[in-house]
Amino acid sequence: MNKSRFTKTPRLRVAICGAGIGGLILAVALSRYPDIEVIVYEAASKLAEVGAGVGIFPRPWEIIKKLDLEEELLKTTEIKRQEGPVRAFVYRKGDCEEGVEFYTLITQGNLMLFHRSDFQQVLLRRLASSSCKTYCGKRLRTYTQRPSEPIKLLFEDGSTATCDVLVGADGLKSAVRQTLMTEKAHSAQSEGRRADAADCLASIDPLWSGTNSYRALIPADRLRALYPNHRVCTQPMQYLGKDAHIITYPISKGKLINFVAFVSRHDKENTKFNGPWVAQTGREEIIGRFRSWEPEVQALINCIDQPLRWAIHTVKPLSTFVHSRVALIGDAAHAMHPTQGSGAGQAIEDAFILATVLGNPKTDRSVASIQRALKVFDLVRRPRAHEVQERSRMNGKYFCLRYRDVDFSSLRGEKLHSQLVELMETVKQNWDWTWTTSPRDSYEEATKLIES
């Protein structure tokens, strides 16, 4: 915990619940404003990211550069920043004895790949040099906000705290979202808007996407020993098949291979998942599902020891990301399918836009001023995040070879190849916003609105 730099009352006191990528980027962005006090509350007993790889496309990388994080992050990866056309992923149809390579995805600028904990440590080092305070073991139970008083936070350990602005960066099972949507439901109910109240309550709990992912880190040396010159040691790969696909790429300066296999039951989308959402499982479970896939895939699976099975859940598109002086960002606001590699990127955009409106000198600690700033954030970010949610959902289906009722298993030769290429051209059109557009319009719009 750092000592406070404030000798007088700060312009704003911002509490951030959650020290994932979104919460920490927000803290870094707000730390640029010397009159804003920032406190991060993390539920875990220590700061350690769960998960393996994280990818950052050129669009959110612009924000990384604006926050002056580029140099430190580049030290943690073997990947060099490239401009212009870049080979991103090579695609193969892998659910057959002999795989079919059919497409190379070309992006403008490259996808930057990191070990998630490496990424987090860079952010924590930056915060260590600021006056941002960080507390672990602080899981939020609920909060209360009254117009003439600071927001009061109540944690599971019985302790309390206050703030002017509360930001829920607390992930899929967000306690902030639960209280925010409950508040909205009560308001709607009192005004006779029963349908709106029901919609708010239905937005609290995450929903199973129908997809499970199997995640593992593979030592690159082990893979090379089993399958010399495996292409994934030097090239990010995706293997597509009926109702399943695999994404895999090198991280940690080539020492590790990040492996994620997705298995989908599209008829189970938006249902309740029975069982633990994250559980360690045996390699046999993956072997059984991918038994008929090509040798390159078998080599990867044979290098896995104990994968984690994640039931991928999403958040229903919310009617708002804000209520009075409380805002949601990242997975708490718009948890989505990981099939556009944009979950982290969207959290970064949330954080930067929110910091832009809170950091503006026109925003003070009055309730009206904070509410106005958060409404601008919601207006700018929510439509875009919802669009990305839907694009990610569609990519999940395309990667499982669910495309215009085409039966890929019945096709051969040139007919198969042309249909696979058509599929991937559709994927690219659905996806290219993340390397052909800039977030500049969003933060310029937010600044214009807050100053108008």
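The values are calculated or read from the model by the stated rules, or taken from the named source; none is laboratory data. Please read all numbers here as calculations on a predicted model, not as lab measurements. When we count neighbours, we look across all protein chains shown, and the Cβ atoms used for this are built from the backbone with ideal geometry, even at glycine. We work out accessible area using only protein heavy atoms, side chains counted, and drop any ligands, DNA or RNA first. Shrake-Rupley method; radii C 1.70, N 1.55, O 1.52, S 1.80 Å.
Points to keep in mind about this one:
- Hits in the range 151-174 - residues which are under 13 Å from Ile204 (Cβ atoms), open to solvent by less than 20 Å² (accessible area, probe 1.4 Å) and not in a strand (DSSP E or B): Ser174
- Each residue in the range 163-195 was checked for being within 27 Å of the chain's Cα centre (by Cα) and at negative phi, and 22 pass.
- Residue match in the range 419-435 (condition: at pLDDT 95 or above, within 24 Å of Lys362 (Cβ to Cβ) and loosely packed, with under 13 Cβ neighbours inside 10 Å): no
- Among the residues making up the range 298-325, those that are outside any strand (DSSP E or B), of a type outside the set (D, E, K, R) and farther than 28 Å from His266 by Cβ are Ala299, Asn302, Cys303, Thr320, Ser324.
- Look at the range 181-192: where a residue is free of Cβ contacts under 8 Å to residues at least 60 places away in the same chain and assigned to a helix (DSSP H, G or I) and a partner is of a type in the set (A, V, I, L, M) and crowded, with 19+ Cβ neighbours inside 10 Å, sitting 6+ places away or on another chain with Cβ atoms under 8 Å, you get Ala185/Ala197; His186/Ala197; Ala188/Ala197; Gln189/Ala197.
- Boolean, Arg5 is open to solvent by 40 Å² or more (accessible area, probe 1.4 Å), touching a strand residue (DSSP E or B) at 6+ places or on another chain (Cβ under 8 Å) and at pLDDT below 95: no
- Here is the figure for the range 382-406: residues that are of a type in the set (A, V, I, L, M, F, W, C) and surrounded by fewer than 18 Cβ atoms within 10 Å (Cβ to Cβ) total 1.
- The condition of being touching a Phe, Trp or Tyr at 6+ places or on another chain (Cβ under 6 Å), under 16 Å from Leu207 (Cα atoms) and either crowded, with 18+ Cβ neighbours inside 10 Å or charged (D, E, K, R) (or both) holds for only one of Ala311, Ala335, that being Ala311.
The rows are residues; the columns are (1) closer than 16 Å to Val40 by Cβ; (2) of a type in the set (Gly, Ala, Ser).
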site	(1), (2)
Thr104	no, no
Gly109	no, yes
Gln121	yes, no
Arg125	yes, no
Glu156	no, no
Gln178	no, no
Ser187	no, yes
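- For the range 348-371, the criterion of being over 24 Å from Gln145 (Cα atoms) and within 11 Å of the chain's Cα centre (by Cα) is met by at least one residue.
- One residue alone among Arg215, Arg265 is open to solvent by 40 Å² or more (accessible area, probe 1.4 Å), modelled with pLDDT of 90 or more, more than 18 Å from Gly55 (Cβ to Cβ) and not aromatic (Phe, Trp, Tyr), and that residue is Arg265.
- Residue count, the range 218-236 (criterion: open to solvent by less than 30 Å² (accessible area, probe 1.4 Å), outside any strand (DSSP E or B) and in contact (Cβ under 8 Å) with a residue 60 or more places away in the chain): 5
- Residue within the range 194-208 that is of a type in the set (Gly, Ala, Ser), in contact (Cβ under 8 Å) with a residue 60 or more places away in the chain and not in a strand (DSSP E or B) present: yes
- Those residues of the range 82-102 which are among the aromatic types (Phe, Trp, Tyr) and either in contact with a Pro (Cβ under 9 Å, 6 or more places away or on another chain) or surrounded by fewer than 21 Cβ atoms within 10 Å (Cβ to Cβ) (or both), in sequence order: Phe89, Phe102
- Members of the range 8-35 that are surrounded by fewer than 22 Cβ atoms within 10 Å (Cβ to Cβ) and under 26 Å from the mean Cα position of the chain (by Cα): Arg13, Ser31, Arg32, Tyr33
- Screening Ser409 against (1) at pLDDT 95 or above; (2) open to solvent by 20 Å² or more (accessible area, probe 1.4 Å); (3) farther than 21 Å from Lys316 by Cα; (4) not hydrophobic (A, V, I, L, M, F, W, C) leaves a single unmet condition, (1).
- Residue in the range 371-385 that is under 23 Å from Gly168 (Cα atoms), β-branched (Val, Ile, Thr) and at pLDDT 95 or above present: yes
- Residue ranges of helices (runs of 4 or more DSSP H) in the range 35-145 with at least 1 members closer than 26 Å to Phe155 by Cβ: 116-128
- Enumerated helices (runs of 4 or more DSSP H) restricted to the range 378-452, each holding at least 1 residues that are of a type in the set (Gly, Ala, Ser) and touching a residue at least 12 places away in the same chain (Cβ under 8 Å): 440-451
- Residue within the range 189-212 that is open to solvent by 50 Å² or more (accessible area, probe 1.4 Å), in contact with a Lys or Arg (Cβ under 9 Å, 6 or more places away or on another chain) and over 30 Å from Trp310 (Cα atoms) present: yes
- When Lys253 is tested against (1) touching a helix residue (DSSP H, G or I) at 6+ places or on another chain (Cβ under 7 Å); (2) surrounded by fewer than 24 Cβ atoms within 10 Å (Cβ to Cβ), just one condition goes unmet, and that condition is (1).
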